[in-house]
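Below: the structure, in structure tokens.
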Amino acid sequence: MTSANAPAPKTVLVLIDGVRYDALHKVNDWVGLPNLWRIVNDGALWRNVYTLEPYLTNHITQKILTGHENYTQNYTIFQRLEYLGFRTASVGTNPWDGRGARFNFDNLYDKNHKYLSDDVRIDAACKILPQVDFVYVYTVETDEYAHVCRDGRRHVYSWESPYIWAIKRTDDRLGRLRGWLDKIAPGNYNLIAIADHGMTDNGRHSVATWTTEVVTHVPVLACGVNFKRGWKIDRRFHVTDLAHAIVNLYDPRVPAHMFNDAIVRQATHERAPSSVTA
Ligand SMILES: [Zn+2]
């Protein structure tokens, strides 16, 4: 346990669009994903997290950010954390997804991969991090390049698949982000990554049903000050479980839910209301 008024950790949630669960193993075997696996080895991997219908990013991201199926009528992580007195930022998603964030960089929502928007998003997240407690950053090129496979009638794991290299570049970016966290918040950060949906072999997701394993099964991994090291969680969860667990990192009154077995319980943070101080 840390002292009663420890500074709040900086938590970054990275949403990696369209990365299927088996990429963690397959792409790692082929080209190496050292930064993703460093998060897993230093923290926790949830091996049975599933997304929900419909399999369209703009629906699922809002379910992830509110923790509710009925995402239009519930508060976002940003609204909940800001209410508790913490500072938040949303980078690279549409304005509605980022509602309630103190810094809502919706102008970085750009699905044209020729602008290398994911690099810009990670840079923007790094730049705002010193000013906030929680940053959500949305990255898209993995999904975009899976659809290049779809349009070229190629298997996402075939020869010259750009999907593999998009995942590899995402791994590089996670390494860069973590290096920055180590620098500005040494020993007091959390880094969490999740995908909104997977991908069929031929680079599609909207065609899926709930029985399509490669589309519904998504990776969730986390490491940092609040997480135990080397944990593998096999209980089944849904992507809507994550929002509540993240709020728990800042407010112990909220059940930790999917983080239950994997977190190190922290003392109340200094920006939380005095009513929850032990
Ligand atoms: Zn897509």
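Within region 159-180, which residues are hydrophobic (A, V, I, L, M, F, W, C) and within 12 Å of Asn35 (Cβ to Cβ)? Step through it out loud before you land on a result.
Looking only at region 159-180, we keep the residues that are hydrophobic (A, V, I, L, M, F, W, C), and these are 159, 164-167, 174, 177, 180.
Of everything in region 159-180, those that are hydrophobic (A, V, I, L, M, F, W, C) and within 12 Å of Asn35 (Cβ to Cβ) turn out to be Ile167, Leu174, Leu177.
Give me a count of the residues in region 208-238 that are in contact (Cβ under 8 Å) with a residue 24 or more places away in the chain, assigned to a loop (DSSP other than H, G, I, E, B) and surrounded by fewer than 17 Cβ atoms within 10 Å (Cβ to Cβ).
Residues that pass the stated criteria total 8.
Confirm whether Ile16 is modelled with pLDDT of 95 or more and β-branched (Val, Ile, Thr).
Judged against the criteria, Ile16 is a match.
Scan Ala222, Ala243, Ala208 and give me the residue that is within 16 Å of the ligand (Cβ to nearest atom) and either more than 26 Å from Leu116 (Cβ to Cβ) or under 13 Å from the mean Cα position of the chain (by Cα) (or both). Steps first, answer last, please.
On the way: Ala222 fails: within 16 Å of the ligand (Cβ to nearest atom); Ala243 fails: within 16 Å of the ligand (Cβ to nearest atom).
From the options Ala222, Ala243, Ala208, the qualifying one is Ala208.
(1) small (Gly, Ala, Ser); (2) open to solvent by less than 10 Å² (accessible area, probe 1.4 Å); (3) over 17 Å from Val239 (Cα atoms); (4) at pLDDT 95 or above: which one isn't true of Gly92, the others all being true?
Here Gly92 clears every test but (4).
Pull up region 22-68, narrow it to residues that are open to solvent by 70 Å² or more (accessible area, probe 1.4 Å) and over 18 Å from His205 (Cβ atoms), then point me to the one that is farthest from the ligand (Cβ to nearest atom).
Asn41
Only one of (1) loosely packed, with under 15 Cβ neighbours inside 10 Å; (2) under 14 Å from the mean Cα position of the chain (by Cα) is not met by Val137, so which one is it?
Status for Val137: all satisfied but (1).
Are there any pairs with C-beta distances below 6 angstrom linking a residue in region 143-157 that is on the phi > 0 side of the Ramachandran plot and open to solvent by less than 40 Å² (accessible area, probe 1.4 Å) to a residue that is more than 9 Å from the ligand (Cβ to nearest atom) and at pLDDT 95 or above, with the two at least 6 apart or on different chains, and if so which?
If the second residue must be more than 9 Å from the ligand (Cβ to nearest atom) and at pLDDT 95 or above, no pairs are left.
Select from region 128-184 the residues that are touching a helix residue (DSSP H, G or I) at 6+ places or on another chain (Cβ under 9 Å), more than 24 Å from Val207 (Cα to Cα) and among the charged types (D, E, K, R) and list them in ascending order.
Across region 128-184, the qualifying residues are Asp133, Lys168, Arg169, Asp171, Asp172, Arg173, Arg176, Arg178.
Kindly check whether there is at least one residue in region 122-136 that is among the hydrophobic types (A, V, I, L, M, F, W, C), within 16 Å of the ligand (Cβ to nearest atom) and closer than 25 Å to Asn58 by Cα.
Just the residues of region 122-136 that are among the hydrophobic types (A, V, I, L, M, F, W, C), to begin with: 122, 124-126, 128-129, 132, 134-135.
Keeping just the survivors that are within 16 Å of the ligand (Cβ to nearest atom) gives none.
No: region 122-136 contains no residue that is among the hydrophobic types (A, V, I, L, M, F, W, C), within 16 Å of the ligand (Cβ to nearest atom) and closer than 25 Å to Asn58 by Cα.
The values are calculated or read from the model by the stated rules, or taken from the named source; none is laboratory data. Please read these numbers as outputs of a predicted model, since none were measured by experiment. Cβ: placed from backbone, ideal geometry, glycine included. Neighbour counts: every protein chain shown. Heavy atoms of the whole protein, side chains included, go into the accessibility calculation; ligands, DNA and RNA do not. Shrake-Rupley method; radii C 1.70, N 1.55, O 1.52, S 1.80 Å.
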